[in-house]
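Data block below; observations after.
The values are calculated or read from the model by the stated rules, or taken from the named source; none is laboratory data. Everything numeric in this text was worked out from a predicted model, so none of it was measured. All Cβ positions, even for glycine, are placed from backbone atoms using ideal geometry, and neighbour counts span all protein chains on display.
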Amino acid sequence: MARLILTLKRTTKIKLNGFRSIDAKRMLLRKTPKGGIRLVKRPSAPPMNVMIWAFSFLLFSLSDRAQAADLIADLYATPPALFFALALALGVIIYLLFNQRRQDKALGQLAELSEKLCLGQDLRQEFSWRKTGAIEIDLIAATLTRVDDRLKQKRLKLQEVSQQIDEADEHRRSMNLELHHRVNNALAMMQGITNITARSATDIGEFRTNLSDRVQCLGAISTLLVKKSWTTTPLRELAEITLSCCSPDLAERVDLGGEDLELRSEVTLALGMTLHELLSNAIRHGALANETGRVTLNWRIEKQQEGKKRLILLWREQNGPIVEPPSKAGVGQYLMQEVLTRQFGGDIDFIFPPQGFQATITAEI
């Protein structure tokens, strides 16, 4: 925006009709039929492009065309209020300066004003004319940037909000894809557990009991993952949740040892179900089948090449019944080796010494 103040310092026999106090925003210079000028109320402003076109026509008719082209280019980059100030200043010059030499000088002054206004500088300029009398006109234009700055700030704020909305949409799409992937993995695991459970059951009652235990543990681990926002889960907390699914009363007979370790969600679900199978086997056939047996679960991190890490868990049973190697792999063993280890990209080995069953689990983390 610009504020334009015209002050007539001294007038002689110049025909200025209808002079009165009027707001500069509504002021317009108009030529009278007898060659004078007067200030009249400004009509409704025409469209910006029309005013620039008319202004361009005057520039081309009164000045060098190369200079006029440069001025017109500046006009299209000038805010409307500043353009009106320049248009009014040019009107004063055209009506008061009639010879070519003074017109060229006035246009040069106008170019200087245009540059200052475009740069946001305050300015003061005087135009003089003497012919039948003397008149001096002071042009004072102050660039008001406060409103423009607020508009720029609001535009930047809108751009920031728009960017945040785009980022939120992208995050939502990524979360949906990740959720779809995890649900598919859980369903594939559930399908494998159901098929193996049905294959080993001798009757519907056994099938229902075994499947219910496994589904209950799967649900408890999934709940833990939800609480952790499907990011990482402490291994110790996972072992405690799995133990509570089988039998909370046996917690005192299971020793946990190892450094604090966070597991990825892909590893957490399959590893938790593997620990559930080991606990279930220990309760039915191993060290937890009597009152004196104990189980120890230790883990450590082993560094590999290229900065990769591997988790090693050692499951060891003692003080239980005498262990005899099975003649064939059981259902739990098959489930752990063929289904669960594939989910966390690891492996599991079983050892059957007489003093107690042992298992070594490895997983990429």
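Would you mention how many residues in segment 259-281 are closer than 13 Å to residue 241 by Cβ and not aliphatic (A, V, I, L, M)? Going through segment 259-281 one residue at a time, the tally reaches 3.
Would you please name the residue that is farthest from residue 267 (Cα to Cα), looking only at residues in segment 173-211 that are among the small types (Gly, Ala, Ser) and either surrounded by 11 or more Cβ atoms within 10 Å (Cβ to Cβ) or touching a Leu at 6+ places or on another chain (Cβ under 9 Å) (or both)?
201
Residues in segment 196-215 that are in a helix (DSSP H, G or I) and modelled with pLDDT under 85: 196, 197, 199, 200. Screening residue 255 against (1) touching a strand residue (DSSP E or B) at 6+ places or on another chain (Cβ under 8 Å); (2) surrounded by 13 or more Cβ atoms within 10 Å (Cβ to Cβ) leaves a single unmet condition, (2). Applying the criterion of being free of Cβ contacts under 8 Å to residues at least 60 places away in the same chain and more than 40 Å from the chain's Cα centre (by Cα) to the residues of segment 212-244, the residue that is surrounded by the most Cβ atoms within 10 Å (Cβ to Cβ) is 243. Scanning segment 293-351 for residues that are assigned to a loop (DSSP other than H, G, I, E, B) and touching a Ser or Thr at 6+ places or on another chain (Cβ under 7 Å) yields 319, 346.
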